[in-house]
1. Go through the stretch 65-74 and give me each residue that's surrounded by 15 or more Cβ atoms within 10 Å (Cβ to Cβ) and in contact with a strand residue (DSSP E or B) (Cβ under 8 Å, 6 or more places away or on another chain).
2. In the set Thr46, Thr62, which member is modelled with pLDDT of 95 or more and assigned to a helix (DSSP H, G or I)?
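The values are calculated or read from the model by the stated rules, or taken from the named source; none is laboratory data. What you see is a predicted model; the values in this text were computed from it and never measured. Backbone-built Cβ (ideal geometry, glycine too); neighbour counts: all protein chains shown.
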Amino acid sequence: MKFRAGLLAAAILLTEMHASHAAIRIAGDRGGLIDAYVDRYERLRTSGETVIIDGLCASSCTIVLGAVAADKICVTSKAALGFHAAWDFGRKDDYRP
């Protein structure tokens with residue numbers, strides 16, 4: 001009887017562990033260095049977790065749209081995506097319009 005109860009407890013624990021993956025929520029993210037976001041979203045893509053965009057996702061943050069599978073992204077009615085032209089801090093003198 002104890003063996004059966006232990007087996008049932010282990011099965012429930014394993015089921016709960018699989019179901020407990022938390023979704024990643026994005027809100028209030030103004031972006032930053034592109035490399036950091038590319039690395040973060042590559043790890044997120046391989047984890048299989050869901051992303052919920054539920055507020056501001058601007059600049060480098062929007063890389064998530066191309067890095068994570070579309071069926072793993074949820075965009076709420078509160079989402080605000082902000083895009084702009086790319087630029088590099090260190091190459092201002094190379095800029096030619």
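1. Let us first name the residues in the stretch 65-74 that are surrounded by 15 or more Cβ atoms within 10 Å (Cβ to Cβ), namely 65, 67-68, 72-73.
Residues satisfying the conditions are Leu65, Val68, Lys72, Ile73.
2. Details: Thr46 fails: modelled with pLDDT of 95 or more.
Selected residue: Thr62, the only one of Thr46, Thr62 that is modelled with pLDDT of 95 or more and assigned to a helix (DSSP H, G or I).
Results for (1) surrounded by 16 or more Cβ atoms within 10 Å (Cβ to Cβ); (2) of a type in the set (A, V, I, L, M, F, W, C); (3) over 11 Å from the mean Cα position of the chain (by Cα); (4) farther than 16 Å from Ala85 by Cα, shown as yes or no for each residue.
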| site | (1), (2), (3), (4) |
| --- | --- |
| Ala23 | no, yes, no, yes |
| Ile34 | no, yes, yes, no |
| Val38 | no, yes, no, yes |
| Tyr41 | yes, no, no, yes |
| Val51 | yes, yes, no, yes |
| Ser59 | yes, no, yes, no |
| Ile63 | yes, yes, no, no |
